[in-house]
Structures are given as structure tokens and as C-alpha cells.
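The values are calculated or read from the model by the stated rules, or taken from the named source; none is laboratory data. Small disclaimer: the values here were computed from a predicted structure and weren't measured. A quick note on method: Cβ atoms are made from the backbone with ideal geometry, for glycine too, and the neighbour counts reach across all protein chains shown. Ligands, DNA and RNA are stripped out before the accessible areas are found, and what is left, the full protein with its side chains, is counted by its heavy atoms. Shrake-Rupley method; radii C 1.70, N 1.55, O 1.52, S 1.80 Å.
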2 protein chains.
Amino acid sequence: MYYEKDAARGVDGTFMWLMEEMGELASALRDGTHEERREEFADVLAWLTTIANVAGVDLTEAISHKYGQGCPGCGQLTCTCSDEGKP
Amino acid sequence: MYYEKDAARGVDGTFMWLMEEMGELASALRDGTHEERREEFADVLAWLTTIANVAGVDLTEAISHKYGQGCPGCGQLTCTCSDEGKP
């Protein structure tokens, strides 16, 4: 939808926008309405997708590659790793 | 996959993990391989999805609600807004 503008801006410039939206998301999570949160989540995901496109990464393929078989730690669809672990 | 752990950690604690992954993504974008970038994009998306789940926001519905009809500014699938504008 925005590829030409995004590519012209490059990864670094686009990352700045993502960070701005991330701040708005934090704010909405702290004291926003459900509608505001929904909007900010959409914006963050949109900018994340944008950067992936500019960087030549297929986001769907990325998530499927890492998490498509379940938790990368224990291999289960419902994670059974120790609570001390990262996730 | 991680809902019970995530819900116990809450939105604030989960946001910290998201920020950590965001830093790793920035690093991978700066000087990582394609494989490393793909991995970090997957992690950021996973944590973003996690926070949305804990906050009761349906990420798919959120993006479809805001961008499903095209650019929210001009309504086109390929944005024709002025370059001065936000996107």
C-alpha cells in the first residue's frame, strides 16, 4: 500500500516511525480505550510489516519458520518450558 | 502457545520483552544476516501478538478494521496521500 514511499524512506527512517507508534501503543495500553488500543496495535503492525518489506523479509514466512512447529524451546503448541526460561 | 505465562506476566512485563526484541531487531537490521533478520522479525511479531492477546485485542481484526479498506488517509490500496503526510 505504501511500498514506494517506504522504500524511499529506507529502513532507518521507517524504524523511527515504528518507534513513534510503539510509544503511542504504550500510552494506549496504559490509559487508552479498547478502540485506541486496537488502533495503535494496527499501526505498530503496519509499520513492522513495512520495515520487513523494505528489508526483504516475508513476515508470514518468518513467523511460520520460527513458530510454525510450536514453541522453539519445547516443541509444544502450548509451551511447557520452565518458567525460568525466556518466554 | 504462551497464554498462561503471558497473562501471569501482564501487559507491562510483556512490553519489556517486546522492547528487548525490538532492540535485537534494530541490531539485526543494522548488521545482521537475512536469517537473523527473519528471526528477529518473528520474535517481535510474536511478542506484539502476545501483548495484544493479554490486552484483549484481536490483531487480525485490528489491522483489518484500520487498513482493510486501503489507506485510512486517501482510501486507495496504493496510497496517494501527499508525501508531507504521515505515511
Please find, within the stretch A:48-72, the residue that is nearest to B:Leu59 (Cα to Cα) out of those that are in contact (Cβ under 8 Å) with a residue 24 or more places away in the chain and not β-branched (Val, Ile, Thr).
A:Leu48
Please work out if B:Cys79 is within 21 Å of A:Glu20 (Cα to Cα) and either more than 7 Å from chain A (Cβ to nearest Cβ) or at pLDDT below 90 (or both).
yes
Are there any pairs, at least 6 apart or on different chains, whose C-beta atoms fall under 7 Å, with the first in the stretch B:3-28 and without any contact (Cβ under 8 Å) to a residue 12 or more places away in the chain and in a helix (DSSP H, G or I) and the second of a type in the set (Lys, Arg) and open to solvent by less than 40 Å² (accessible area, probe 1.4 Å), and if so, which?
none
Could you go through the stretch A:71-87 and let me know if any residue there is open to solvent by 80 Å² or more (accessible area, probe 1.4 Å), closer than 30 Å to A:Asp12 by Cα and in a helix (DSSP H, G or I).
no
Picking from B:Leu18, B:Leu25, which residue would you name as being in contact with an Asp or Glu (Cβ under 7 Å, 6 or more places away or on another chain), within 25 Å of A:Gly75 (Cα to Cα) and open to solvent by less than 50 Å² (accessible area, probe 1.4 Å)?
B:Leu25
